[in-house]
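Below is one structure, written out as structure tokens, with a few remarks after it.
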Amino acid sequence: MKILSAALVLLYLACADAPSRAPLTPNLDSEINPDDFRIALLHEAIFIATNKVREDRKRPVLKPDSILNLAAQYQAERMFREEKMEHRWPRDRKYGTLKNRLQTFKGDFSAFGENIARMFILDVPTGAYFYINDANIAVDKAGRPIPFKTYRQLGNEVVQEWLDSPPHRKNMLGDFDFLGLGVSPLRPLKKGLNFDVYLCQNFGTK
């Protein structure tokens, strides 16, 4: 039996019981299935959670924007390919900065901002140990299988992480009108049954 430790959630500043069977039609409260990962559901969960945070603080809700979505999705997938968290890609004049990305995708924004994150989908507390049993299932110390998070749970968690970080919070509650989101595919970790997902929020005002 292998012993593993849950990795820390990584956030960077933005300025610049066995697992239950999934329902036939996955929804926001469905447990994430790594073999059938629904990017659109996590996108929706983050969008809802972001606007709830703004509504709770008497801030105007953000509207979706196709250009911001394109820029955010590019950034999430680029981080996935590069396997690292970055806002900037040196020497890349088309996509190297958020401003570059918005220009490349023909966006016209007077102000913009970006939050990024890398999250993990196994529902285990940060820093807690878990185990891989002989059946290749993630279990806790007592041998109980550990489920994956739901889409809504993961969306709420990343928004809360951003909210708890002053620079991310400033963006999320800022004077913006539009929101775009990017969600990468899942990347298996080299050890264990956990997975990375790279996430990006792009904010804008026209």
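Evaluated with a Cβ-only charge set (Lys, Arg +1; Asp, Glu -1), the chain carries a dipole of roughly 640 debye about its Cα centre, given to the nearest 20. Since only P34, G180, A138 are under comparison, the one whose Cα sits farthest along the positive direction of the charge dipole of the chain, derived from C-beta charges on Lys, Arg, Asp and Glu, is G180.
Protein heavy-atom accessible surface, 1.4 Å probe, per residue over the chain: 53 Å².
If R0 is taken as 22 Å, the Cβ-Cβ distance between D175 and R57 corresponds to a FRET efficiency of 0.95. Electrostatic bookkeeping for K206 treats Lys and Arg as +1 and Asp and Glu as -1; over the other residues with beta carbon under 10 Å from its beta carbon, the sum is -3. Along the axis of the charge dipole computed for segment 31-137 (Cβ charges of +1 for Lys and Arg, -1 for Asp and Glu, origin at the Cα centre), the listed residues I67, M85, G107 are led at the positive end by G107. Think of segment 123-206 as having a plus end and a minus end, set by charges on the Cβ of Lys, Arg, Asp and Glu; of L199, V159, Y129, Y129 sits farthest toward the positive end of this dipole.
Using 1/(1 + (r/R0)^6) with R0 = 35 angstrom and r between the beta carbons of R88 and A142, what's the FRET efficiency to the nearest 0.05? Let's see the in-between values first.
Numbers: r = 45 Å, r/R0 = 1.28.
Between R88 and A142 the formula returns 0.20.
Under 5 Å between amide hydrogens, built in the peptide plane, is the criterion, and for S30 it picks out Y151, R152 among residues at least 5 positions away or on other chains.
How large is the charge dipole for segment 156-198, taken about the Cα centre, if only the Cβ atoms of Lys, Arg (+1) and Asp, Glu (-1) carry charge, to the nearest 20 debye? Walk me through the intermediate numbers first.
Values: 5 positive and 6 negative charges, 67 e Å.
So the dipole magnitude of segment 156-198 works out to roughly 320 debye.
Each residue of segment 63-78 was assigned a 3J(HN,Hα) from its phi angle through the Karplus expression (A = 6.51, B = -1.76, C = 1.60, θ = phi - 60°), giving 9, x, 9, 5, 5, 5, 4, 4, 5, 5, 5, 4, 5, 4, 6, 5 Hz with x at Gly and Pro.
For the chain, the number of Lys pairs separated by eight or more positions or lying on different chains, with C-alpha atoms closer than 16 Å, is 11. Count charges around N100 for me, please; just the other residues with Cβ under 10 Å from its Cβ, Lys/Arg as +1, Asp/Glu as -1. Once all neighbours under 10 Å are counted, the net charge is +4. Each helix, a run of at least 4 DSSP H residues, gives -39500 (n - 2.57); summed and divided by the residues of the chain, these come to -9500 deg cm²/dmol at 222 nm. Here the Karplus curve 6.51 cos²θ - 1.76 cosθ + 1.60, taken at θ = phi - 60°, turns the phi angles of segment 199-204 into couplings of 10, 9, 10, 10, 10, x Hz, with x standing for Gly and Pro. Amide H to amide H, with H built 1.01 Å from N, F148 comes under 5 Å of D123, counting only residues 5 or more places away or on other chains.
The values are calculated or read from the model by the stated rules, or taken from the named source; none is laboratory data. Computed from a predicted structure; not experimentally measured. Ideal geometry is used to build each Cβ from the backbone, glycine not excepted, and the neighbour counts take in all protein chains shown. Surface accessibility is based on the protein's heavy atoms, side chains included, excluding ligands, DNA and RNA. Shrake-Rupley method; radii C 1.70, N 1.55, O 1.52, S 1.80 Å.
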